[in-house]
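Here is the structure we will look at.
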Amino acid sequence: AHGMGKTTVSVSDVGGLRKRMPVTFACFAIAALSSAGAYPLAGFFSKDAILDAAFERGGVFGAAALVIAFLSGLYIFRMLFLTFFGAQGQRLKQFPPAHIHEADWIMAVPVLFLAAGALGAGWLSTSLVRVLFSGWPAGIPPPALPQFAWNVFFGGTAMVLLSGAAAYYFTLA
């Protein structure tokens, strides 16, 4: 809304902002991929842990986790496609914003740091966990991190790809 000079804007009203707001688009695309659980972004490692726990429980838990992973990816990719690739909504065509622009540095810098974290925090997981648990109380075992499992990796990656394809089909095709 800020970059469009409006107080509120619906996702169905905006579209085609990729070329007019490239920094915002890049940061949002990184966030969307991470949120959907794309490897090797930070969101993959948290979604991987959730899928791993659900797969360990088996049956309906594993299936439900895959459905939820698909739906969350569909949601974020749909928003990405509508906002940055879709057609501009009728409301903004009738009342166009005076000047579509990137956020000022005071708002853009924190977003850039968050995007950098989404890109790189996953690679720090083992070292970061070691640092975080270095002050863990004696006698209490720290929570275990899941070990890499191919079925979890392929299940999560399949949901990222399927949800991205479905969002593209439902919004742009």
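The values are calculated or read from the model by the stated rules, or taken from the named source; none is laboratory data. Here the structure is a predicted model, which means the values were calculated and not measured. Glycine gets a Cβ as well: all are built from the backbone with ideal geometry, and neighbour counts include every protein chain shown. Please note that ligands, DNA and RNA were not included when accessible areas were found on the heavy atoms of the full protein model with its side chains. Shrake-Rupley method; radii C 1.70, N 1.55, O 1.52, S 1.80 Å.
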**Q.** When residues of segment 121-159 are limited to those that are open to solvent by 100 Å² or more (accessible area, probe 1.4 Å) and of a type in the set (Phe, Trp, Tyr), the one modelled with the highest pLDDT
**A.** Phe154
Q. Given the structure, is Leu71 open to solvent by 40 Å² or more (accessible area, probe 1.4 Å), touching a helix residue (DSSP H, G or I) at 6+ places or on another chain (Cβ under 8 Å) and modelled with pLDDT of 90 or more?
A. yes
Q) Out of the residues in segment 160-173 that are at pLDDT below 95 and hydrophobic (A, V, I, L, M, F, W, C), which is most open to solvent (accessible area, probe 1.4 Å)? A) Phe170
**Q.** Residues (within 17 Å of Phe148 (Cα to Cα), assigned to a helix (DSSP H, G or I) and aromatic (Phe, Trp, Tyr)) located in segment 35-94
**A.** Phe44, Phe45, Phe55
Q. In segment 32-49, what residues are surrounded by fewer than 19 Cβ atoms within 10 Å (Cβ to Cβ) and in contact with a Gly (Cβ under 9 Å, 6 or more places away or on another chain)?
A. Tyr39, Pro40, Ser46
(Q) Every residue in segment 12-25 that is open to solvent by 50 Å² or more (accessible area, probe 1.4 Å) and either in a loop (DSSP other than H, G, I, E, B) or more than 11 Å from Glu102 (Cα to Cα) (or both), please. (A) Ser12, Arg18, Lys19, Arg20
